[in-house]
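The values are calculated or read from the model by the stated rules, or taken from the named source; none is laboratory data. In this text, all values refer to a predicted model and were calculated from it rather than measured experimentally. Here Cβ is always computed from backbone atoms with ideal geometry, including for glycine, and neighbour counts include all displayed protein chains.
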Amino acid sequence: MGLLSILRRFSITLVATATLLGLTVLAPWGAAPASAATVVTYPAPPGAPTTGQYAVSVGGRSSPVHPTGLGAFTNFSFGGGPVAVTVTTSKDSPTAVLRPRDAAVRVTRLAPRTFRFTIPVPGSYSFEIDPDTDTYPPLFLFANPLEVGAPTGNTPTTRYVGPGVWTVDGAGQIVPGASGPGGTYAVPPGTRLYLAGGAILRGKIRIGADSESGPGADGTAVTGRGIVDSTAVIDHGRPLRINNSTGVTIDGPIFLGQKHWGVVSRRSAQVTLRNIKVINWRDDDGTGTPDGIDVVASRNVEVDGVFVRSYDDGIAIKSSMSDGAWAGSTSQIYVHDSVVFNGRAGNALEIGRETGAPITGVSYENIDVIHKLARSDPYARDAISIFVRDGGDVSDINYRDIRVEECQERYLGFEVTGSGSLTGVDVDDVVFAGPPRALPTVVAGNPNGLLDDVDFRGLRFNGGSTLITSPSQLAFVTNAYATGVTFGP
């Protein structure tokens with residue numbers, strides 16, 4: 001059961017119980033008056049790009065819409081009750097959908113090109129009027145919770161970036177305006193970079209040195225409701241790197257990138273990525289490996305309530321970079337309560353492919369994969385993927401309460417192609433919208449790489465109506481090197 005479903009059922013039960021006791025309570029989620037909510041929108045600063053594809057009103061307040069290479073987005077905060085949203089589109093459609101479906105939000109068409117719906121709780125949503133999200137890209141709604149205790153200016157431990165367009169200059173300083181290509185801002189140890197709503201920072205952010213042996217920046221944070229736009233940088237990508245650092249919190253901002261990996265943690269520990277939004281697309285020449293979030297050779301990392309729209313991998317757990325650099329063991333990674341819209345070149349929820357060192361204790365829980373798109377060579381990528389390419393051992397992996405809405409490639413692939421191993425994988429309460437035989441499910445090892453002890457429980461297809469208790473119900477691909485694979489209710 002998804003988080004929104006739990007909240008909705010809880011509120012309905014609370015209302016019914018209170019009514020029996022003669023108490024006065026608010027209506028359940030989705031039915032409370034929109035005026036009950038407190039809404040904060042963030043005007044676009046002068047010179048900031050906006051799009052005419054969508055116009056958005058949140059609780060009666062205009063919320064600007066910004067373009068990206070993979071869809072448009074609007075960003076606001078609210079609390080104190082549900083909020084009504086009106087969207088006007090440049091193209092008409094008889095219907096529209098708000099994803100994730102688990103939110104159970106009904107969209108009403110008020111008039112040609114005008115739609116309305118009510119968001120019950122903060123979260124990240126995708127408003128779509130065309131099943132072909134390339135032809136008419138979606139509108140992403142980043143509905144943040146209200147901020148508490150936000151700074152209003154600089155302090156000895158806070159670098160405050162207020163509303164407006166800012167640029168990281170060649171010396172690594174944040175300066176007002178949009179001049180120059182944008183550089184890299186290094187967050188000093190023990191400090192916070194705060195990006196206010198309505199702030200757009202052209203450049204990159206670095207926590208810790210980029211060299212493998214370089215110093216980290218412990219006890220740092222990047223927070224707020226602003227935007228980090230690394231497409232303004234010459235190489236167009238890597239909006240945030242966390243290197244060799246401990247005790248890092250990233251909470252709230254939007255990260256835009258092209259061509260390279262997006263938000264990356266390398267050899268770091270006690271890292272929290274919360275309520276961040278990552279949109280990462282191919283370079284202008286069509287090249288690149290634009291992942292969303294990559295956790296590399298790190299430990300004790302929590303990824304909580306994030307949104308990822310990426311052309312390549314969505315959220316990936318690795319033990320080295322693609323070239324083998326930054327190698328090290330990865331452990332205790334918890335990814336939960338998040339939304340992933342995965343593009344054509346990668347896997348939505350991935351472990352691997354870079355597995356030169358051990359990876360253990362990884363959990364994906366309560367996640368909505370709203371799309372897993374395909375390239376022209378389908379059946380090579382997965383909505384849920386473990387790919388042990390190298391010599392590291394991968395173990396103690398858990399997938400729980402995962403919902404995959406649209407999948408154009410393989411549903412799931414657990415493969416060992418290198419000399420490492422894959423053991424101890426639990427897949428519990430995973431639901432695919434499609435039919436079980438439409439796409440492959442792959443569990444396979446090789447003569448040099450052990451795959452053992454993979455347990456499927458509550459694996460369902462057709463939106464949940466078809467329970468899988470035997471591999472014969474699937475388009476199941478396996479081999480003699482995969483042992484201990486079980487299915488059950």
| remark: Of the residues in region 364-386, those that are more than 15 Å from GLN408 (Cα to Cα) and more than 15 Å from the chain's Cα centre (by Cα) number 1
| Can you name the residue in region 89-118 that is within 20 Å of the chain's Cα centre (by Cα) and within 23 Å of THR50 (Cα to Cα) and, of all such residues, is surrounded by the fewest Cβ atoms within 10 Å (Cβ to Cβ)? | VAL97
| In region 290-321, how many residues are aliphatic (A, V, I, L, M) and part of a loop (DSSP other than H, G, I, E, B)? | 3
| query | Counting just the residues of region 353-373 that are among the small types (Gly, Ala, Ser) and not in a strand (DSSP E or B), which one comes out surrounded by the fewest Cβ atoms within 10 Å (Cβ to Cβ)? | reply | ALA357
| task | Report yes if SER395 is under 27 Å from VAL296 (Cβ atoms), at pLDDT 95 or above, assigned by TED's automatic domain parsing to the domain that holds VAL340 and of a type in the set (Ser, Thr, Tyr), otherwise no. | result | yes
| message | Every residue in region 244-279 that is in contact (Cβ under 8 Å) with a residue 60 or more places away in the chain, touching an Asp or Glu at 6+ places or on another chain (Cβ under 7 Å) and either closer than 19 Å to VAL168 by Cα or not in a loop (DSSP other than H, G, I, E, B) (or both), please. | response | LEU256, GLN258
| query | Could you give every pair whose Cβ atoms fall below 6 Å, whose first residue belongs to region 184-209 and is farther than 17 Å from ALA150 by Cα, and whose second residue is outside any strand (DSSP E or B) and among the acidic types (Asp, Glu), counting only separations of at least 6 or pairs across chains? | reply | PRO189/ASP218
| request: Check region 265-275 and report whether any residue there is surrounded by fewer than 24 Cβ atoms within 10 Å (Cβ to Cβ), more than 16 Å from THR68 (Cα to Cα) and at pLDDT below 95. | output: no
| request: Report whether or not GLY81 is assigned by TED's automatic domain parsing to the domain that holds PRO137, in a loop (DSSP other than H, G, I, E, B) and at pLDDT below 95. | output: no
| Inside region 322-352, can you point out the residues that are in a strand (DSSP E or B), touching a Lys or Arg at 6+ places or on another chain (Cβ under 7 Å) and closer than 17 Å to TYR411 by Cα? | PHE341, ASN342, GLY352
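Which one of ARG99, ARG106, ARG113 is modelled with pLDDT of 95 or more and over 26 Å from VAL308 (Cβ atoms)? Lay out the reasoning, then the answer.
Numbers: ARG99 fails: over 26 Å from VAL308 (Cβ atoms); ARG106 fails: over 26 Å from VAL308 (Cβ atoms).
One residue alone meets the criteria, ARG113.
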